[in-house]
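Step one of this worksheet: look at the structure below.
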Amino acid sequence: MQKMQTKQELQQLLLQLYITQAFDHRAKMLQKTGHIGTFPSSKGQEHLFVSLANHLTINDWYCPYYRDHGALITRGMPIHALFQYWAGDERGNSAIPPHTLPINIPIGSQCAHATGIAWSLKHQDAICLVTLGDGATSKGEVYESLNFAQIHKLPILFVVNNNQFAISTALSQQSSNPLIANKFSNIISTAHIPHGPILEIDQKIKAEITKVKTTRSPLLLEVMTLRLDPHTTNDDALIYRSSKDIELDNTQYPISQFEQFLLSQNLLSAQNIQSIKTSARATVDQAAQHFLNAPSQETNHINDYLYA
Amino acid sequence: MHKPDHQTACMHMVQALNQALYDEMSADETTLIAGQDIGRLGGVFRVTQNLLDHFGPNRVIDTPISETFQAGFGIGLATAGLRPIIEFQFLAFMHSALDQMIAHASRLRHRTRGQLKCPLVYRAPYGSGVHAPEHHSESTESLFSHIPGLKVIIPSTPSLAYHLLRQAIQSDDPVVFLEPTKLYRIKQEPNQRPPKLGEVYIHREGTDATIFTWGAMTYEALQVAKIYETQYQIKLMVVDVSTLNPLDEIGILQAAKASGRILILHEASAKGAVGNDIYYLIHRHLNINAKYMRQLGAPNTICPYYQNEHLFAPNQQSIMSAINEILL
Ligand SMILES: Cc1ncc(C[n+]2csc(CCOP(=O)(O)OP(=O)(O)O)c2C)c(N)n1
C-alpha cells in the first residue's frame, strides 16, 4: 500500500460500497415484486467498479458492461435512472454521466467502441477504460480490439472482471489459460490483481490507471473477484455449483472483510460504520421511491430519436 | 427428458423441443449439439436439460461465448458428415454469426456444385416477452429469410416445434430455427396432423378471411379466430407460414384463394420483410383488390425496452380492427 487513506477517504469509500450494495439488494427485491426485469447483481464485485470510477476523472471515458452499477453511480448516474434502465424504461439511459457509454449487453462488442474512443484521445489528457467479464474474453472482437490498441499504442485500459463464471460456464471451459492476463500477454501488456483486501486492490487499480495515464499505452488488467449471487435474478447457480462452494465464497465477502478490517484497526467505530450504512440505505431507498413514484413513460415516444 | 408419450401429451414448447432433441439424438448418432451453457445448466431456457447426462460431453458441447465461431464450427462439423445443432442464447446474439451463415453455410452446396453439403440447425429463441434488457426481444427473421440457401423455420405450437425441429435436423440444408420465447411455457394440446417442413400449416379452416402468420402471432390469431367464430359466426382461416424461406408458394396461394380476403400478420416491422413477399405473391397471382388485403406488423422503429414492448407488436385489438377492415 502506497499511502494510508485519511479517515474521510475511508468513510467516503465505505459509503460508495454500501450504496452499491444497497442498490443491488433493492434491485433484487424490486425484481421479485415485478417492478424491474432480469437483473445482474454485482455482489462480491462492488469494490472493483467503485475503485475504477474513483481513479478516473469525468473527462476519462468509461465503457461499462452490465455489472458496473458501482461505477455508474460513482460517476454520477442518478440511482433512480439506473433502476429505470433495469425496469425496461428508456428514460434511464437519458441520464448516463458524461464520457460514459450506455450499458453494453452484446458481450465483448464494447471493446471495439472503446478502442475507437481511445484513438480519438491520442492527443488528449484523458484515457478510455472499458470493462468486460472473463467470459467476454472469448469473443473475437476482444482480441481484435487488443491487437489494434497495441499496434497503435492507444491510451486504453481493458479491465477484465474475472469472477470465474459466465452464467454456468466455468473459466476452465471458457479460456485456454486460467489467467486471462497470461492468455493475452503476447498481444498487449497485461497486469493481474489477485483476490485481496479492498484497500489493497484499490491501490493497485489506482497504480494501473496511473500507468496508462502516464505511458499513454494500452493495458489489459485482470482483477480476480467473486460472483456471490447467481448470474442474474433469472439464474439458479445451484444447478451448476455446490451450495458448499457458494457458501464458502460468501465467507469471503470483500465488504464484510473491509468492515472487519476497519473495526479491528480502529480506523472507524462500529457506530460510525453503522451510520454510514444507514445513510447509504436511505439514499437508495429515496431513489427507489423516486423510481416507483415517477409517472410512467409516455407511450408516444417509440419513434423518437430514431434519426437525427 | 420429458415423457415418452409426447405425441399425445399436453406440453409446452420447451418440453417439446427438449423431447425432439432427445429423440433425434437417440435415433441418429451423427447428431450433436453445441452452445453456451447448454450442458449442466441445460441452456438458459432449459431446452437442453438432461441431454448432457444422456449423451455425454462429446455430443453436448458447452462453447465459450463465441457466436461467430459457433456458426463456423457447425459448418465444419456438417461438412465432415455430422449433423450439428447450434444453440444461440438469443436471436440478437446470433447476428454476429450472420457472416458465417451468409458467406459459408448457405453457399457450400452451391459453390461446390453439390460435392459438399451443410446439414445443420442454428436454433435461437426470439421475439418479445422475456422482460430482459435490450437486445432480447427482436424479430429479425426476415434478415435470415433474405439469404438464398438458408431455410428459415418458426414453430407456433409445442407439437409443431417437436416435428419441425426433428425434420430440420434431418434436412440436408442449413436451417435457421427460431423459437418464439413468448410461447415457450404455454402448454397446448398436440396438433392433430404433423406439419411438413417447407409447407404452410393450416391451424384452422375458414372461408371468410385468411390470416397468414407465424410464431407467437399465430397464438394471437387463433384466439381472435375463436372469438369471431363464437361471437359472429365468422370463419377465419389461420395459416401458419412456418417455413419463411423458401416460401410454400402453392400452399399460400391455395389458402389465399379460399377466402379472397387476406391479413398478413407478424411481430416484426414490415420494412424489407417476408410479409411483403407474401403480400406480393398473393397480389401478383390472384389479383385481389387491395382493399381486401392488409398487412399488420410492428412500427418501423427499434423495439422498445420491455416496459413498452406491448406498444410494438400487434395485439388482439389491432388484429380485430385489421380483420374488420378487410371484411367490410
Ligand atoms: C454476444 C452475446 N452472447 C451471449 C450473451 C448472453 N449472456 C449474457 S451474460 C453472459 C455471460 C457473460 O459472462 P462474463 O463475460 O464472464 O461476465 P459476467 O456476467 O460473469 O460478469 C452471456 C453468455 C450476450 N449478452 N451477448
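The values are calculated or read from the model by the stated rules, or taken from the named source; none is laboratory data. Everything quoted here is computed from the prediction, not taken from an experiment. Backbone-built Cβ (ideal geometry, glycine too); neighbour counts: all protein chains shown. Areas reflect the complete protein model, heavy atoms only, side chains present, ligands, DNA and RNA absent. Shrake-Rupley method; radii C 1.70, N 1.55, O 1.52, S 1.80 Å.
Go through the stretch A:99-109 residue by residue and turn each phi into a ³J(HN,Hα) via Karplus (6.51, -1.76, 1.60, θ = phi - 60°); whole Hz please, and just put x for glycine and proline.
Computed from phi, the couplings for the stretch A:99-109 are 6, 9, 7, x, 3, 9, 9, x, 3, x, 5 Hz.
Enter the mean number of other protein chain beta carbons within 10 Å of the beta carbon of each residue in A:163-174, as an integer.
Taking the mean over all residues of the peptide, I get 4.
Provide the gained length on full extension for the span B:GLU229 to B:ARG193, in nm with one decimal, where the gain is 0.36 nm per separating residue minus the Cα-Cα distance.
That pair, B:GLU229 and B:ARG193, stretches by 10.8 nm at full extension.
Given the options B:THR112, B:VAL14, B:TYR122, identify the residue whose Cα lies farthest towards the positive end of the charge dipole of the stretch B:13-183 (+1 on Cβ of Lys, Arg; -1 on Cβ of Asp, Glu).
In the stretch B:13-183, that residue is B:THR112.
Mind giving me the FRET efficiency for A:ASN147 and A:ASN300? R0 is 56 Å, r the Cβ-Cβ distance, nearest 0.05 is fine.
That pair, A:ASN147 with A:ASN300, gives E of 0.80.
What residue among B:LEU91, B:LEU116, B:LEU52 has the largest mean-square fluctuation in a Gaussian network model of chain B, using Cα springs under 10 Å?
Between B:LEU91, B:LEU116, B:LEU52, it is B:LEU116 that shows the largest mean-square fluctuation.
How much length is gained on full extension from A:ASN182 to A:TRP119, taking 0.36 nm per residue of separation minus their Cα-Cα distance?
Length gained between A:ASN182 and A:TRP119: 20.2 nm.
Can you order the peptides B:24-31, A:12-19 by their average number of other Cβ atoms within 10 Å per residue, highest first?
Answer by packing, highest mean first, reads A:12-19, B:24-31.
Amide H of B:VAL176 versus every other amide H placed in the peptide plane: which residues, excluding those fewer than 5 positions away on the same chain, fall under 5 Å?
B:TYR122, B:LYS151, B:VAL152, B:ILE153
Of the trypsin sites (Lys or Arg not before Pro) in the stretch A:150-241, which ones lie in a loop per DSSP and count no more than 13 other C-beta atoms within 10 Å?
Sites meeting the loop and neighbour criteria: A:LYS153.
Roughly what would the spin-label model give for A:LYS244 and B:ILE302, points 7 Å off Cα along C-beta, in nm?
My value for the distance between the label points is 4.8 nm.
Taking a 1.4 Å probe, which of A:HIS47, A:HIS192, A:HIS25 shows the most accessible area, and what order do the others take after it?
Largest accessible area first, the residues go A:HIS25, A:HIS192, A:HIS47.
Put +1 on the Cβ of each Lys and Arg and -1 on the Cβ of each Asp and Glu in the stretch B:201-327; which of B:PHE312, B:THR207, B:ASN300 then has its Cα farthest toward the positive end of the dipole?
The Cα lying farthest towards the positive end belongs to B:THR207.
How do B:LYS257, B:LYS182, A:LYS139 stack up against each other in accessible area, from largest to smallest, with a 1.4 angstrom probe?
Result, largest first: B:LYS257, B:LYS182, A:LYS139.
May I have the extent of the alpha carbons of the stretch A:9-296 along their three principal axes, as whole Å values ordered from largest to smallest?
For the stretch A:9-296, the Cα extents along the three principal axes come out at 49, 43, 41 Å.
Which of these, B:ILE264, B:ILE278, B:ILE302, has the largest mean-square fluctuation under a Gaussian network model of chain B (Cα springs below 10 Å)?
B:ILE302
Amide H of A:TYR65: which non-local residues (sequence gap of 5 or more, or other chain) have their own amide H closer than 5 Å, using H built in the peptide plane?
So A:TYR65 has HN proximity to A:ASN104, A:THR131.
Toward the positive end of the charge dipole of the stretch B:13-183, about the Cα centre and with charges on Cβ (Lys, Arg +1; Asp, Glu -1), which of B:PHE55, B:ILE65, B:GLN167 goes farthest?
The one lying farthest along the dipole's positive direction is B:GLN167.
Using a 1.4 angstrom probe on the protein heavy atoms only, line up B:ASP173, B:ASP277, A:ASP89 by accessible area, largest first.
Reading off the accessible areas and sorting them downward yields B:ASP277, B:ASP173, A:ASP89.
Would you tell me the mean number of C-beta atoms belonging to other protein chains that fall within 10 Å of each C-beta in B:298-311, as a whole number?
Averaged over the peptide's residues, the number is 5.
Shape of the stretch B:13-183 from its Cα gyration tensor (a ≥ b ≥ c, root eigenvalues): rounded if a/c is under 1.5, otherwise prolate when a/b > b/c, or oblate?
Rounded, since a/c falls under 1.5.
For A:ALA95 and A:HIS35, what is the calculated FRET efficiency with R₀ set at 22 Å and r taken between the beta-carbons, to the nearest 0.05?
E between A:ALA95 and A:HIS35, to the nearest 0.05, is 0.75.
HN-Hα J couplings of the stretch B:132-145 from phi, Karplus 6.51/-1.76/1.60, θ = phi - 60°, integer Hz, Gly and Pro as x?
My calculation for the stretch B:132-145 gives 9, x, 3, 6, 10, 9, 5, 10, 9, 4, 5, 4, 6, 5 Hz in order.
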